[in-house]
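Presented below is the structure to which this report refers.
The values are calculated or read from the model by the stated rules, or taken from the named source; none is laboratory data. Since the structure is predicted, the reported quantities are computational estimates derived from the model, not experimental observations. In this analysis, Cβ positions are derived from the backbone assuming ideal geometry, glycine residues included, and neighbour counts consider all displayed protein chains. We work out accessible area using only protein heavy atoms, side chains counted, and drop any ligands, DNA or RNA first. Shrake-Rupley method; radii C 1.70, N 1.55, O 1.52, S 1.80 Å.
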Amino acid sequence: MAKPGEISEQIRKEKQEKPKKPENPEKPERKNAGEVKAMENKSHARLRHFLVHLLGIGGTLLAIYVSGWVMFLEPLIGIYREYRAGTMTYGDILKVVISVAMAATAGGGIWCAFDILANFFRDRD
């Protein structure tokens with residue numbers, strides 16, 4: 001009988017006798033393996049090309065929406081409406097000035113982020 005914390009001889013022998021799996025099992029070669037690979041490469045290239053363009057256009061449109069509308073035009077229209085209604089304050093003006101000043105930075109950051117994502121799918125040739 002083994003003492004606590006020790007491995008018995010039988011368990012030690014069982015661990016040593018386990019068969020090892022082959023490191024690189026050989027796969028049978030198909031007849032048209034070359035043709036299938038070429039077709040897969042073409043379809044993957046098309047998909048990557050599509051994703052690059054989708055991310056590029058999507059990033060550009062999102063950057064224009066966020067920086068052009070949400071952070072630039074909408075605050076200006078809002079401050080104009082407050083001016084016409086007579087409810088404009090210095091705090092409102094300060095918020096609009098900061099928003100307008102940061103609009104280009106936010107748009108550029110969004111566009112850059114999408115461009116970096118698109119780079120993952122560009123060809124490395």
Exercise for review: Quick one: count up the residues across segment 82-125 that are open to solvent by 60 Å² or more (accessible area, probe 1.4 Å), closer than 18 Å to GLY56 by Cβ and touching a helix residue (DSSP H, G or I) at 6+ places or on another chain (Cβ under 9 Å).
Suggested key: 8
Practice item. Could you pull out the residue among ILE93, ILE64, ILE79 that is modelled with pLDDT of 95 or more, under 24 Å from ALA118 (Cα atoms) and among the aliphatic types (A, V, I, L, M)? Key: ILE64
Study note, to complete from the structure: Reported set for segment 75-125 where residues are charged (D, E, K, R) and not in a helix (DSSP H, G or I) is ARG122, ASP123, ARG124, ASP125
Check your understanding: Given the structure, is PHE72 part of a helix (DSSP H, G or I), touching a residue at least 12 places away in the same chain (Cβ under 8 Å) and open to solvent by 60 Å² or more (accessible area, probe 1.4 Å)?
Key -> yes
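With respect to LEU62, is the statement that it is among the aliphatic types (A, V, I, L, M) and within 30 Å of ALA45 (Cβ to Cβ) true? Can you show your working first?
Working: among the aliphatic types (A, V, I, L, M): yes; within 30 Å of ALA45 (Cβ to Cβ): yes.
Yes, satisfied.
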